[in-house]
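The values are calculated or read from the model by the stated rules, or taken from the named source; none is laboratory data. Only a predicted model underlies this, so the values are computations on that prediction, with no experimental measurement involved. Neighbour counts run over all protein chains shown; Cβ positions are idealised from the backbone, glycine included.
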Amino acid sequence: MNLPNKITLLRILFIPIFVFILYLNIPYKDWIATGVFVLLALTDSLDGYLARKRNQITTFGKFIDPLADKLLVTAALVFLIGHGVEAWMAYVIIAREFLVMGVRIIAIQKNVVIKASSLGKLKTVSQVIAVIAAIMALPLNWWFMLIATLFTIISGLDYFLAAKKLLED
């Protein structure tokens, strides 16, 4: 197993630790949880960079990396419902993420790679910012989450339009 895939698997293994920290009742819990979340979010960029730089892109990595991202965001959103995240926002974001994951699985089976678009990357950044704002209970966290939800919907529509031919089969 190559280094990028090991980093991705470590990210998945640290998700329960992140959630456990959110449940703790200790001083600076929000700062610690935010730090762990940011670290896990940054490893997504790191493993992708290493995979491309070392020419170690694998089928396993194409599947597990987006799954790790979805698991991290889903875990955060589920915990944060009622704490800066409304249930409908979490459901919309989670549903979009797993619908896109389904399309990616279909694409992989057909040896088609659907690369992340600029809108998809903007969606990811907005989700990370919104989750951080919710963990930290920042004054505008609801608005950050609304913006992330809107980018999630828009990028999802863009993604499905890009994959339309793939889905017609």
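Filter the stretch 70-96 for residues that are in contact (Cβ under 8 Å) with a residue 40 or more places away in the chain, over 14 Å from residue 22 (Cα atoms) and touching a helix residue (DSSP H, G or I) at 6+ places or on another chain (Cβ under 6 Å) and give the result.
71, 85, 89, 92, 93, 96
Report yes if residue 106 is in a helix (DSSP H, G or I), farther than 18 Å from residue 31 by Cα and either in contact with a strand residue (DSSP E or B) (Cβ under 7 Å, 6 or more places away or on another chain) or at pLDDT 85 or above (or both), otherwise no. Criteria not met by residue 106. If you take the residues of the stretch 2-29 that are at negative phi and part of a loop (DSSP other than H, G, I, E, B), which of them is surrounded by the fewest Cβ atoms within 10 Å (Cβ to Cβ)? Result: 25.
Applying the set (1) of a type in the set (Gly, Ala, Ser); (2) in contact with a Leu (Cβ under 9 Å, 6 or more places away or on another chain); (3) within 18 Å of residue 138 (Cβ to Cβ) to residue 35 leaves exactly one unmet item: (2). With respect to the conditions (1) in contact (Cβ under 8 Å) with a residue 60 or more places away in the chain; (2) farther than 19 Å from residue 125 by Cβ, residue 3 falls short on a single one, namely (1). Of the residues examined, residue 22 is one that is within 22 Å of residue 130 (Cα to Cα) and not hydroxyl-bearing (Ser, Thr, Tyr). Of all residue pairs spaced 6 or more apart or on separate chains, those with beta-carbon atoms under 6 Å, a first member in the stretch 116-131 that is closer than 14 Å to residue 90 by Cα and in contact (Cβ under 8 Å) with a residue 40 or more places away in the chain and a second member that is among the β-branched types (Val, Ile, Thr) and in a helix (DSSP H, G or I) are 127/73. For the stretch 107-159, the candidate set comprises residues that are more than 25 Å from residue 81 (Cβ to Cβ) and of a type in the set (Ser, Thr, Tyr); within that set, the residue that is surrounded by the fewest Cβ atoms within 10 Å (Cβ to Cβ) is 118.
Per the conditions (1) in contact with a Leu (Cβ under 8 Å, 6 or more places away or on another chain); (2) modelled with pLDDT under 85; (3) of a type outside the set (A, V, I, L, M), the sole criterion not satisfied by residue 62 is (1). Just so you know, in the stretch 116-143 the residues that are within 15 Å of the chain's Cα centre (by Cα) and not in a helix (DSSP H, G or I) include one that is nearest to residue 24 (Cα to Cα), and it is 116.
If you go through the stretch 44-59 and keep only what is assigned to a helix (DSSP H, G or I) and either within 14 Å of the chain's Cα centre (by Cα) or at pLDDT 85 or above (or both), you end up with 44, 45, 46, 47, 48, 49, 50, 51, 52, 53. The set of residues in the stretch 81-92 being in a helix (DSSP H, G or I) and surrounded by 21 or more Cβ atoms within 10 Å (Cβ to Cβ) consists of 89, 90.
Considering 73, 112, which residue is modelled with pLDDT under 90, closer than 23 Å to residue 159 by Cα and not hydroxyl-bearing (Ser, Thr, Tyr)?
Selected residue: 112, the only one of 73, 112 that is modelled with pLDDT under 90, closer than 23 Å to residue 159 by Cα and not hydroxyl-bearing (Ser, Thr, Tyr).
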